[in-house]
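Asker: Just dropping this structure here.
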Amino acid sequence: MFRFAHPYLLLLLLVIPVAVWYVARRRPERSVAYSSLDLLLGAGLEASAWKRYATLCLRMLVLALVIVGLARPQTGRSKHTTYSEGIDIMLVLDTSGSMQAQDFEPKNRLHVAKEVMKEFISKRPEDRIGLVVFAADALTQCPLTLDHTLLAKLVDGVDFGLLDDGTAIGVGLATACNRLRGSNAKSKIVVLLTDGQNNAGMVDPMTAARVAASLGLKVYTIGVGTHGRAPIPVDDPVFGRRLISVEVDIDEGTMRKIAGLTGGKYFRATDTEELVAIYNQIDQMEKSRVESETFVEYTDRFLWFILPALGLFVLELGLAETILRETP
């Protein structure tokens with residue numbers, strides 16, 4: 001990027017051609033009286049005129065360079081500064097046995113939930129995100145972090161059997177609240193996904209919801225599972241692994257109350273497409289604030305013109321006493 005700090009000084013350049021014309025026109029012709037010009041033939045005096053104009057042009061060029069230098073030519077370099085205000089997010093994932101239900105393509109509820117979570121994480125580079133998993137108890141799979149590559153690997157590692165079977169929704173939410181308790185972020189949210197109703201743990205879901213509300217946490221709750229019955233694989237000692245149909249039993253009333261108490265929202269996903277749409281909707285509802293500021297840092301380049309002007313001035317002085325020296 002190039003500019004002049006004082007561009008109005010460049011108007012002085014318009015004076016130069018006028019000055020050249022005026023000086024050339026007004027300069028008197030010098031002469032010496034001779035009885036005969038034959039004596040001067042071949043002396044090279046006929047070149048006196050072009051020497052005079054060459055000297056004038058050099059001086060005007062020096063003047064032009066000085067004027068450009070006084071206008072302070074500058075080159076600039078753009079700099080971008082980004083300010084971000086991220087959101088702290090705890091993802092809470094049900095890993096109870098019922099999440100093996102195969103009503104979500106291509107595998108089961110847990111597999112699909114993990115894939116959708118990883119996509120959600122990848123869209124939020126400015127946010128600290130953590131992961132809590134729960135069944136009959138809860139554990140923090142990953143605390144709040146900006147290392148989303150590590151977080152995605154830990155999401156991949158979630159599987160059945162990490163905890164005893166059961167559905168401790170209250171404990172899972174309380175664990176997430178504990179992780180967000182010390183957060184200084186202006187916005188803190190919990191995204192809780194389950195396919196059942198609370199049947200384990202020492203913390204009631206509504207008690208955990210009141211704790212979340214007191215900490216200023218917004219809880220989005222998601223119920224996953226088809227309406228009616230869903231196939232779940234079981235290991236039968238006689239017939240081996242087989243599918244049985246069980247009733248989908250999501251405590252939607254409690255999920256709505258948790259979301260309502262904390263200023264969040266309840267969603268129901270009955271297939272993979274709906275689950276993807278829900279996480280996309282949450283992503284749009286909870287946007288991090290990112291601001292970008294651009295400024296230009298300028299460096300003066302007047303020496304690019306002043307030094308050549310000085311060099312030409314010295315050259316003109318030298319030439320005026322040698323090659324361009326005029327004969328009277």
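The values are calculated or read from the model by the stated rules, or taken from the named source; none is laboratory data. Quick caveat: nothing in here was measured; it's all calculated off a predicted structure. Positions of Cβ are generated from backbone atoms using ideal geometry, with glycine treated the same way; all protein chains shown enter the neighbour counts. With ligands, DNA and RNA removed, areas are computed over all heavy atoms of the protein, side chains included. Shrake-Rupley method; radii C 1.70, N 1.55, O 1.52, S 1.80 Å.
Asker: Go through region 158-165 residue by residue and turn each phi into a ³J(HN,Hα) via Karplus (6.51, -1.76, 1.60, θ = phi - 60°); whole Hz please, and just put x for glycine and proline.
Answerer: 5, 8, 6, x, 5, 9, 4, 5
Asker: Using the Cα centre of region 151-231 as origin and beta-carbon charges of +1 (Lys, Arg) and -1 (Asp, Glu), tell me which of L163, A176, H227 is placed farthest towards the positive end of the dipole.
Answerer: Result: A176, furthest along the dipole toward the positive end.
Asker: Roughly how big is region 135-283's charge dipole about its Cα centre, with Cβ charges of +1 (Lys, Arg) and -1 (Asp, Glu), in debye to the nearest 20?
Answerer: Dipole of region 135-283, to the nearest 20 debye: 800 debye.
Asker: Roughly speaking, to the nearest percent, how much of region 134-200's 1.4 Å accessible area is carbon and sulfur?
Answerer: The C+S portion of the solvent-accessible surface of region 134-200 is 44 percent.
Asker: Still on this model: So with the 1.4 Å probe, I'd like the accessible area per residue for region 132-280, rounded to whole Å².
Answerer: Here the per-residue accessible area is 47 Å².
Asker: Could I ask something else about it? List the residues whose amide H sits under 5 Å from the amide H of Q141, counting only those 5 or more places along or on another chain, with H placed 1.01 Å from N in the peptide plane.
Answerer: L131, V132, V133
Asker: Please list, ordered by chain and number, the residues whose modelled amide H lies under 5 Å from the amide H of Q197; skip anything fewer than 5 residues away on the same chain.
Answerer: Sorted by chain and number, the residues that satisfy this are D251.
Asker: On to the next question. Give, as ranges by residue number, the residues of region 105-123 whose backbone N falls under 16 Å from the point 7 Å along Cα→Cβ of D235.
Answerer: none
Asker: Magnitude of the Cβ-charge dipole of region 113-173, K/R +1 and D/E -1, about the Cα centre, nearest 20 debye?
Answerer: Around 240 debye, computed over region 113-173.
Asker: Need one number: convex hull volume per residue for region 176-275, Cα atoms only, in Å³.
Answerer: On the way: hull volume 13.1 nm³, N = 100.
In region 176-275, the Cα hull volume divided by residue count equals 131 Å³.
Asker: Between E247 and D156, what is the label-to-label distance in nm when each label sits 7 Å out along the Cα-to-Cβ direction?
Answerer: Rounded to a tenth, the inter-label distance reads 4.0 nm.
Asker: Another question, then. Just to confirm a number: summing +1 for Lys and Arg and -1 for Asp and Glu over residues other than A230 whose beta-carbon lies under 12 angstrom from that of A230, what do you get?
Answerer: -3
Asker: Given H placed 1.01 Å from N in the peptide plane, which residues other than close sequence neighbours of Y220 have an amide H under 5 Å from its amide H?
Answerer: V190, V191, L192, K265
Asker: May I pose another question? Picking from L144, T75, S122, whose Cα lies most toward the positive end of the charge dipole for region 74-155 (charges on Cβ: Lys, Arg +1; Asp, Glu -1)?
Answerer: The listed residue farthest towards the positive side: T75.
Asker: Let me ask something else about it. Pop out the ³J(HN,Hα) list for region 177-185 in order, Karplus 6.51 cos²θ - 1.76 cosθ + 1.60 with θ = phi - 60°, rounded to Hz; leave Gly and Pro as x.
Answerer: Going residue by residue, I get 4, 5, 5, 8, 4, x, 6, 9, 5 Hz, with x marking Gly and Pro.
Asker: A further question on this structure: Can you give me the convex hull volume of the Cα atoms of region 112-252, divided per residue and expressed in Å³?
Answerer: Numbers: hull volume 17.0 nm³, N = 141.
In region 112-252, the Cα convex hull volume per residue is 120 Å³.
Asker: Give me the distance in nm between label points sitting 7 Å out from Cα along the Cα-to-Cβ direction at D165 and E126, one decimal.
Answerer: The answer from the label model is 4.4 nm.
Asker: At 1.4 Å probe size, with no ligands or nucleic acids counted, give the accessible surface of W21 in Å², nearest ten.
Answerer: 150 Å²
Asker: State to the nearest 20 debye the size of the charge dipole of region 209-254 about its Cα centre, where the only charges are +1 on K and R beta carbons and -1 on D and E beta carbons.
Answerer: On the way: 5 positive and 6 negative charges, 39 e Å.
Charge dipole of region 209-254: 180 debye, to the nearest 20.
Asker: State the extension gain, in nm to one decimal, for the chain segment bounded by A19 and K186, taking 0.36 nm per residue of separation less the distance between their alpha-carbons.
Answerer: 53.3 nm
Asker: Once you have the Cα-Cα distance between L10 and M202, take 0.36 nm times their residue separation minus that, and quote the gain in nm to one decimal.
Answerer: Length gained between L10 and M202: 61.0 nm.
Asker: I would also like to ask the following. Please list 3J(HN,Hα) in residue order for region 302-316, calculated via the Karplus relation 6.51 cos²θ - 1.76 cosθ + 1.60 where θ = phi - 60°; whole Hz, with x for glycine and proline.
Answerer: 5, 5, 4, 10, 5, 5, x, 4, 5, x, 5, 5, 5, 4, 5
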